[in-house]
Amino acid sequence: MRVGIATDHAGFGLKEEFVAKLRAAGHEVIDFGAYTLNPDDDYPDFVIPLAKAVAAGKVERGVALCGSGVGASVCANKISGIRAAIIHDHFSAVQGVEDDNMNVICMGARTVGSAVAWDLMRAFLGAHFSHAERHIRRLKKVASLETSET
């Protein structure tokens, strides 16, 4: 699978660990940065290009990291076609893909330990959208928000 990954300074160490593990597991990894540890960088500078690549189909799934996962999730979800969520548990990592066709997993490097984060990553990448009629119907309603005026 072609996986994109992005982080700011807060998730830099976890991103580096994930890149190595994902490649060792046979995934093609596109690294959207940060490329160096800079405490003054900003997550949108890395998460926006990642989310645009997922939305355009240049990568199949995205991983967005920051300190809490909140900023990365808010940012990623501003891009049309992105369904991102902060994930802290195995069930949600799988169900988010199966039911909601989640295409970007967001995690807080300061809130989830490395071993748990890797388990969540594997669950996210191993899950598949169910294509159940009720889930498609719901996703169409959500997608309509991206083009409607409120």
In the stretch 84-121, residue nearest to R61 (Cα to Cα) [restricted to those that are among the polar types (S, T, N, Q) and either assigned to a helix (DSSP H, G or I) or under 11 Å from the mean Cα position of the chain (by Cα) (or both)]: N103
Within 16 Å of M121 (Cα to Cα), within 12 Å of the chain's Cα centre (by Cα) and assigned to a helix (DSSP H, G or I): is that true of S73 in this structure? yes
F124 closer than 20 Å to L50 by Cβ and not in a loop (DSSP other than H, G, I, E, B): yes
Within the set of pairs 6 or more residues apart or between chains, which connect a residue that is closer than 12 Å to I105 by Cα inside the stretch 73-86 to a residue that is in a strand (DSSP E or B) and not hydrophobic (A, V, I, L, M, F, W, C) with Cβ atoms less than 9 Å apart? A76/G62; I82/G62; A84/G62; I86/G108
Restricting attention to the stretch 13-57, report how many residues are more than 14 Å from the chain's Cα centre (by Cα) and over 24 Å from V94 (Cβ atoms). 13
Test: residue in the stretch 105-113 that is over 14 Å from G11 (Cβ atoms) and open to solvent by 10 Å² or more (accessible area, probe 1.4 Å): no
Select, from R110, R122, the only residue that is modelled with pLDDT of 95 or more, closer than 23 Å to Y43 by Cβ and out of contact with any strand residue (DSSP E or B) (no Cβ under 7 Å at 6 or more places or on another chain). R110
Residues of the stretch 48-81 classified as within 20 Å of A117 (Cβ to Cβ) and open to solvent by less than 20 Å² (accessible area, probe 1.4 Å), total: 16
Are there any pairs, at least 6 apart or on different chains, whose C-beta atoms fall under 6 Å, with the first in the stretch 111-127 and under 10 Å from D89 (Cα atoms) and the second part of a helix (DSSP H, G or I), and if so, which? L120/A93; A123/H90; A123/A93; A123/V94
Do we have any residue at all in the stretch 10-24 that's touching a residue at least 12 places away in the same chain (Cβ under 8 Å) and part of a loop (DSSP other than H, G, I, E, B)? no
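The values are calculated or read from the model by the stated rules, or taken from the named source; none is laboratory data. All values reported here derive from a predicted model rather than from experimental measurement. Positions of Cβ are backbone-derived with ideal geometry, glycine not excepted, and every protein chain shown enters the neighbour counts. Side chains are part of the model used for accessible areas, which takes the heavy atoms of the whole protein and leaves out ligands, DNA and RNA. Shrake-Rupley method; radii C 1.70, N 1.55, O 1.52, S 1.80 Å.
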